[in-house]
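K.L.:
Okay, handing you the structure first.
The values are calculated or read from the model by the stated rules, or taken from the named source; none is laboratory data. Since we're looking at a predicted model, the values are computed, not measured. FYI the Cβ positions are ideal-geometry reconstructions off the backbone, even for glycines, and counts take in every protein chain you see. Just so you know, the surface numbers come from the protein's heavy atoms only, side chains and all, with ligands and any DNA or RNA stripped out. Shrake-Rupley method; radii C 1.70, N 1.55, O 1.52, S 1.80 Å.
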Amino acid sequence: MHDTDEFFGNPDQRALLARARAMRSLTSGDARFSFYGRQVSLTTHAADAPKIVAALARLQGAASCIYVPGEAAEGFRAAIAARGMKTDEFRVLHGAADAVAASRAVMASQALPDDLAVTEIGPDTPGDFLEAVSRLTDACGVLLPMGSVMRGTEKPSVCLVACEPGGAPVATAASVALNHPDGAFPDDAWWGMLATRADRRGQGIARILGAMALVAMHERHGFPGFMTGVREGNTASERLCAQLGVVPSDYRVIVAIDPESFSGGRVTK
């Protein structure tokens with residue numbers, strides 16, 4: 001693991017990713033923690049979870065507890081707020097065998113528009129292409145993970161970009177190994193980064209690209225489970241995920257944001 005990396009987003013987000021890179025170098029062997037390229041977070045809820053998440057947020061700018069039971073979410077948010085943090089919350093959507101089957105069915109029955117070609121981000125992908133992808137996702141309110149994660153050089157991942165003939169990116173989807181293999185939920189991969197340029201929406205691109213990323217992560221890296229976080233009330237995202245067999249669970253992602261080191265109200269949409 002290298003001390004340097006590629007970071008994306010606005011200046012606050014890039015600084016957050018840089019701090020997360022440093023934190024990752026200290027915590028990669030600790031089974032309590034999760035990481036998919038944006039921030040080191042606590043995997044599960046326990047009595048000392050608010051203290052740990054608040055400490056992670058103080059050091060990085062933001063941190064999450066990923067699998068918080070729904071009945072504990074309100075109390076967890078209150079405990080985080082009592083430590084001087086802003087909070088955010090997402091519903092955990094999850095899929096397993098049904099998600100793989102649904103994604104394969106989408107791939108078999110639907111195709112991307114004829115003018116688009118799929119590029120997979122890897123070790124040799126030019127840095128200026130990643131910056132172009134970042135401009136696309138920034139416009140959609142989606143923060144790219146750090147470069148080593150998207151390139152697959154740090155942990156198993158699949159990061160796909162649909163491009164027009166001139167090479168301009170128009171849509172993204174990704175899946176990344178999330179949890180420590182000896183910790184809780186070791187079989188889950190994070191899945192998401194669904195972003196489509198405004199003028200290409202309504203063509204089913206995100207659904208097809210998302211299906212491709214999910215199936216590739218399952219077939220290539222053996223992950224049977226997939227999770228993502230969707231903000232309550234985002235029915236469009238929930239509908240798209242449901243078409244791929246990724247459906248609401250009882251878990252919540254609770255985010256702690258330190259206003260002194262991260263001025264943005266949200267890390268990503």
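K.L.:
Put a dot 7 Å past each Cα toward the Cβ at residue 59 and residue 200; how far apart are the dots in nm?
P.N.:
Simple spin-label model gives 3.9 nm for this pair.
K.L.:
Pick out which of 88, 114, 98 has the largest mean-square fluctuation in a Gaussian network model of the chain, springs linking Cα atoms closer than 10 Å.
P.N.:
Evaluated over the chain, the most mobile residue of the options is 114.
K.L.:
Looking at the range 28-75, which chymotrypsin sites (Phe, Trp or Tyr not before Pro) are in a loop (DSSP not H, G, I, E or B) and have at most 16 other Cβ atoms within 10 Å?
P.N.:
Hits after loop and neighbour filter: nothing returned.
K.L.:
Using r as the Cβ-Cβ distance of residue 119 and residue 83, and R0 as 45 Å, what FRET efficiency do you calculate, to the nearest 0.05?
P.N.:
Efficiency, rounded to the nearest 0.05: 0.60.
K.L.:
Could I ask something else about it? When the Cα centres of the range 165-188 and the range 31-88 are compared, how far apart do they sit, in Å?
P.N.:
Cα centres, the range 165-188 to the range 31-88: 21 Å.
K.L.:
What is the gain in length, in nm to one decimal, between residue 249 and residue 47 on full extension, counting 0.36 nm per residue of separation less the C-alpha to C-alpha distance?
P.N.:
70.6 nm
K.L.:
If you don't mind, another one. Would you work out if the range 117-269 is rounded, prolate or oblate? Take a ≥ b ≥ c from the square roots of the eigenvalues of the alpha-carbon gyration tensor; rounded if a/c is under 1.5, else prolate when a/b is larger than b/c, oblate otherwise.
P.N.:
Judged from the Cα gyration tensor, the range 117-269 comes out rounded (a/c under 1.5).
K.L.:
On to the next question. Protein chains only, probe 1.4 Å: how do 44, 196 rank by accessible area, largest first?
P.N.:
44, 196
K.L.:
Determine the calculated [θ] at 222 nm for the chain from helices alone, applying -39500 (n - 2.57) to every DSSP H run no shorter than 4 residues and normalising by the residue count; nearest 500 deg cm²/dmol.
P.N.:
-11000 deg cm²/dmol
K.L.:
Considering only protein heavy atoms and a probe of 1.4 Å, how much of the accessible area of the range 100-252 is carbon and sulfur, as a whole percent?
P.N.:
For the range 100-252, the apolar C and S fraction of the accessible surface comes to 53 percent.
K.L.:
Go through 221, 234, 178 and say which Cα lies farthest out towards the positive end of the charge dipole of the range 173-243; charges sit on Cβ, +1 for Lys and Arg, -1 for Asp and Glu.
P.N.:
In the range 173-243, that residue is 234.
K.L.:
What accessible area per residue, rounded to a whole number of Å², is obtained for the chain using a probe radius of 1.4 Å?
P.N.:
About 41 Å² of surface per residue is accessible.
K.L.:
Would you report the distance distribution of C-alpha pairs in the chain as whole percents per 10 angstrom bin, up to the bin with the largest distance?
P.N.:
Per 10 Å bin, starting at 0, the Cα pair percentages come out as 7, 32, 39, 19, 3, 0.
K.L.:
Span-like helices, the chain: DSSP H, alpha-carbon axial extent 15 Å or more, mean Kyte-Doolittle 0.5 or greater, which ones?
P.N.:
49-60, 97-109, 205-221
K.L.:
With each pseudo-label sitting 7 Å past Cα toward Cβ, what's the residue 111-residue 139 distance in nm, one decimal?
P.N.:
For the pair residue 111/residue 139, the computed spacing is 2.7 nm.
K.L.:
Would the range 1-109 count as rounded, prolate or oblate if I go by the C-alpha gyration tensor, calling it rounded below 1.5 in a/c and otherwise prolate when a/b exceeds b/c, oblate otherwise?
P.N.:
Oblate, since a/c reaches 1.5 and b/c is not below a/b.
K.L.:
For the chain, modelled as a Gaussian network with Cα springs under 10 Å, which listed residue fluctuates most, 16, 59, 244?
P.N.:
Checking each option, the largest mean-square fluctuation is seen for 59.
K.L.:
Does the range 88-165 come out rounded, prolate or oblate, given a ≥ b ≥ c as the square roots of the eigenvalues of its C-alpha gyration tensor, rounded meaning a/c under 1.5 and, failing that, prolate meaning a/b above b/c?
P.N.:
Oblate is the answer for the range 88-165, as a/c is 1.5 or above yet b/c matches or exceeds a/b.
K.L.:
Of 71, 89, 120, which has the largest mean-square fluctuation in a 10 Å C-alpha GNM of the chain?
P.N.:
71
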